Amino acid sequence: MLKLAIQKSGRLHEDSMKLLKECGIAISNGANKLKTEASNFPLHVFFLRDDDIPQYVEDGVADIGIVGENVVFEKNKSVRVIEQLGFGTCRLSIAVMRGAEYNNIHALEGKRIATSYPFLTRQFLEKNEVSAEIHEISGSVEIAPGIGLSDAICDLVSSGSTLLSNGLKEVETILYSQAVLIGHRQFSKSQQETLEKLLFRVHAVKKAKNNKYVLLNAPNDKLQEIIGMLPGMKSPTVLPLAEEGWSSVHSVLSEDEFWDKIERLKAAGAQGILVVPIEKMVM
Ligand code: PRT
Ligand code: ZN
């Protein structure tokens, strides 16, 4: 039995639940519960505040957890990052008033910086040999300069619209973050086996998200050229069509090469191109 901690509510809750579902793990939504049990996998799920997850994992109250790297590095507990999960992406940045003069990091010398990330902010300033006053506040950090509480802030940014609407500009990025699976350091043999089972499924889900299944019709005289453009898991599948002189080609394309390849396939004579999302991909 493995105990997994996920965020009870907030930005990572939905995606964490979705990942479990995509891994075929059935749990009831526990938004109002502390704990639930998967019905088809040896997993208990705890619903906690994200800030508490590294501590619970370090203490072994939970064996593994899903939390932002920003929280993992800020809390600096004895846990290990097992896998990056690709959601909850954001960055931890320093921002100053839009009108403030800022040439380089030394503009922060002697300034007051409001943040909920005192550890990472201090570490960054020390690394850059800047001494500034850190004011730890727990919420609405972005309003601090506007009300005269600080000269700068260090906070999470995703779209940048919060900074913009508070008259702030981003000047330094301390960390790029995404949700990660963390774990403590002493798994029993059976826990390790369960973790490996879970990771096998997580990898299949992640891989599928980065790939598309492509089906297309190709005239036989262009077949070799078209096949040459397609990787496939081993090589593309080619089936004859009912219409003489044509074949159906099936393959898998990765997201980043997708648009470029589709254009080239069309130019080479491919027709009726269908692109289908892949649910799981096991290599
Ligand atoms: O209640 P609990 O303590 O569990 O939740 P929380 O309120 O501390 O965290 P929550 O749900 O806000 O965020 C959970 C995690 O989501 C964070 O630790 C990050 O790993 C990740 N994440 C991704 C973000 C953002 N993007 C994000 N944009 N967390 C917060 N923000 C906030 C940011 O603090 C700022 O206020 O959104 C605002 C900026 O967004 P933009 O789009 O305007 O730039
Ligand atoms: Zn929190």
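The values are calculated or read from the model by the stated rules, or taken from the named source; none is laboratory data. These figures come from a predicted structure and were not determined experimentally. Every residue, glycine as well, gets a Cβ built from its backbone with ideal geometry; the counts of neighbours run over all protein chains shown. For the accessible areas, the whole protein counts, side chains as well, though only heavy atoms, and no ligand, DNA or RNA atoms are used. Shrake-Rupley method; radii C 1.70, N 1.55, O 1.52, S 1.80 Å.
Residue by residue, here is whether (1) in contact (Cβ under 8 Å) with a residue 40 or more places away in the chain; (2) buried (at least 16 other Cβ atoms within 10 Å of the Cβ); (3) of a type outside the set (A, V, I, L, M) holds:
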position: Leu4; (1), (2), (3): yes, yes, no
position: Ser9; (1), (2), (3): no, no, yes
position: Lys18; (1), (2), (3): no, no, yes
position: Gln55; (1), (2), (3): no, yes, yes
position: Ile66; (1), (2), (3): yes, yes, no
Exercise for the section: Being open to solvent by less than 40 Å² (accessible area, probe 1.4 Å) and in contact with a Phe, Trp or Tyr (Cβ under 8 Å, 6 or more places away or on another chain) is the filter; apply it to region 25-35 and report the residue that is farthest from ligand 1 (Cβ to nearest atom). Expected result: Ile25
Completion exercise
Output for Cβ contacts, cut-off 7 Å, separation at least six or different chains, first residue at negative phi in region 132-153, second assigned to a strand (DSSP E or B) and within 16 Å of ligand 2 (Cβ to nearest atom), reads Ile134/Thr115; Glu136/Thr115; Val141/Thr115; Val141/Asp155; Glu142/Asp155; Ile153/Thr115
Fill in the blank from the handout: If we ask which residues in region 1-24 are within 15 Å of ligand 2 (Cβ to nearest atom) and outside any loop (DSSP other than H, G, I, E, B), their number turns out to be 5
Fill in the blank from the handout: Inside region 239-283, the number of residues satisfying the requirement of being touching a strand residue (DSSP E or B) at 6+ places or on another chain (Cβ under 9 Å) and in contact (Cβ under 8 Å) with a residue 12 or more places away in the chain is 28
Problem - Of all residues making up region 101-131, the number that are in contact (Cβ under 8 Å) with a residue 60 or more places away in the chain and outside any helix (DSSP H, G or I) - result: 1
Handout entry: Search result, residues across region 59-81 that are of a type outside the set (S, T, N, Q), more than 12 Å from ligand 1 (Cβ to nearest atom) and either part of a helix (DSSP H, G or I) or more than 18 Å from Thr194 (Cβ to Cβ) (or both)
Key = Asp59, Lys77, Val81
Practice task
Tell me, please, whether a residue that is in contact with a Gly (Cβ under 8 Å, 6 or more places away or on another chain) and farther than 21 Å from His184 by Cα can be found in region 21-34.
Solution key: no
Completion exercise
Residue count, region 37-58, condition near ligand 1 (Cβ under 8 Å from one of its atoms) and either touching a Pro at 6+ places or on another chain (Cβ under 8 Å) or closer than 18 Å to Gln186 by Cβ (or both), comes to 0
Problem - Search result, residues across region 56-96 that are closer than 25 Å to Thr162 by Cα and not hydrophobic (A, V, I, L, M, F, W, C) - result: Gly68, Glu69, Asn70, Glu74, Lys75, Gly86, Gly88, Thr89, Arg91, Ser93
Practice task
For Ile227, state whether it is in contact with a strand residue (DSSP E or B) (Cβ under 8 Å, 6 or more places away or on another chain), within 16 Å of ligand 2 (Cβ to nearest atom) and either assigned by TED's automatic domain parsing to the domain that holds Asn70 or open to solvent by 20 Å² or more (accessible area, probe 1.4 Å) (or both).
Solution key: no
Practice task
Answer yes or no as to whether Leu216 is over 30 Å from Cys90 (Cβ atoms), touching a Gly at 6+ places or on another chain (Cβ under 7 Å), of a type in the set (A, V, I, L, M) and open to solvent by less than 80 Å² (accessible area, probe 1.4 Å).
Solution key: yes
